[in-house]
1. Quick one: putting +1 on the C-beta of Lys and Arg, -1 on the C-beta of Asp and Glu, what dipole do you get for the chain around its Cα centre, in Debye to the nearest 20?
2. Against the longest alpha carbon principal axis of the chain, how many degrees, from 0 to 90 and to the nearest 10, is the axis of helix 83-97 turned?
3. Net charge near Leu306: determine it from the other residues with C-beta under 14 Å of the C-beta of Leu306, scoring Lys and Arg +1 and Asp and Glu -1.
4. Give me the net charge of Ile245's neighbourhood, meaning all other residues with Cβ under 10 Å from the Cβ of Ile245; Lys, Arg count +1, Asp, Glu -1.
5. Expressed as an acute angle from 0 to 90° and rounded to the nearest 10, what is the orientation of the C-alpha long axis of helix 232-246 relative to the principal long axis of the chain?
6. With Kirkwood's inverse mean 1/r over C-alpha pairs for Rh, give me the Rg to Rh ratio of the stretch 161-303, two decimals please.
7. In terms of solvent-accessible area of protein heavy atoms at a 1.4 angstrom probe, what is the ranking of Ser207, Ser83, highest value first?
8. Averaged per residue, what accessible surface does the chain expose to a 1.4 Å probe, in Å²?
Amino acid sequence: MTAARTAAALADVLDELDTLGVSNERLQILVDCETEAFRRRRRSACKARPDCGGDAQTLPRDVRDWALLFLRHLVFGFRLPESTWCTAQVVLDAYCAQASEVDAVVSELPCLCLSVVTLLKKMDSVMDPPTRYQRFALPQGVAFAEMLRSKGYNAKDPTEIGVGECERHALQATSWQVSLPSAEAWMQLFRSRFDVFSCGVFATSLSWVIDNSTAFLSAMVRWRPATAEFPPRIAAAGLFGLRLIGAGMLPRAALKPEAVSHDDWAAMFQAVFREDDAASARAAAVSDERRARILETLVASLGMRLEEIVAAADLVSQVLRELSQSAPM
């Protein structure tokens, strides 16, 4: 291929990325927004709590589970797209990542949930303002606060004024990054970019990757809150790579962490994904040249170095294994 043809092909790829809204520039903007939203600006008071879901700056696990259910209820009640619930999860976790006292977050949690969904509703449509849903939402928030109090948590009843104040606090805590991409959104972005970079050759396999990631991703983000160490992008990147292996596009060794033995890595796939060696055998039949091209495409699609992808896959495998041992998916 001549230099001119190569330049023309590259230009076509960049144009298609722009058309789909998944350009390199867009990817970097989203990375920067997520990094800023989860960047720790205040020390958390949750460090010594044993029930905070694995990271110092998260809510107690039971409280977060109830909050996620309440957020889902509000998203449907405000007539928002179902995907908005995923965004609301990320905003809630980003807010908690900046909390100086977790108990204070629990106290304001009903109001905070209402404010997050109200903000997302404002961004969704100016023709359908959230104020029309206040009659429905506030009593639901009071009921949520009563439930938390019945479980021994000191939760305040939300008020209209309080929701407005929580909106400002949520915007400040997340550096005004309310439209944060969820792990599901990152997966779709990675899939689109991979499809463009590979000229659609792996379209069928990529559809399988997405279809076979949904349940794992949903369970994982409910189990492990988004944090600075485990933001949605890392969760999606790690799972995307692991599912490429499941699709037979890459051998297991391609993303195996150096500190993990081949036997332990194979055991993880069996324990988490219930996969035998068939997919790995199919991947082994792929030529070294094609395998190298797939890895290059993966690196370009995710906008990460290979060692970063391996680290993400390692972290995701640990979370999924922990989850499978606690509550089989």
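1. Values: 36 positive and 41 negative charges, 106 e Å.
Result for the chain is approximately 500 debye, rounded to the nearest 20.
2. 70
3. Net local charge, Leu306 excluded: -1.
4. Values: positive: Arg243, Arg252, Lys256; negative: Glu275.
So the environment of Ile245 carries a net charge of +2.
5. Tilt of helix 232-246: around 40 degrees.
6. Numbers: Rg = 17.7 Å, Rh = 16.7 Å.
Using only Cα positions, Rg/Rh for the stretch 161-303 is 1.06.
7. Values: Ser207 45, Ser83 75 Å².
The most accessible residue leads, giving Ser83, Ser207.
8. 47
The values are calculated or read from the model by the stated rules, or taken from the named source; none is laboratory data. Note that the coordinates shown come from a computational prediction; the quantities given were computed from them, not determined experimentally. Positions of Cβ are generated from backbone atoms using ideal geometry, with glycine treated the same way; all protein chains shown enter the neighbour counts. Just so you know, the surface numbers come from the protein's heavy atoms only, side chains and all, with ligands and any DNA or RNA stripped out. Shrake-Rupley method; radii C 1.70, N 1.55, O 1.52, S 1.80 Å.
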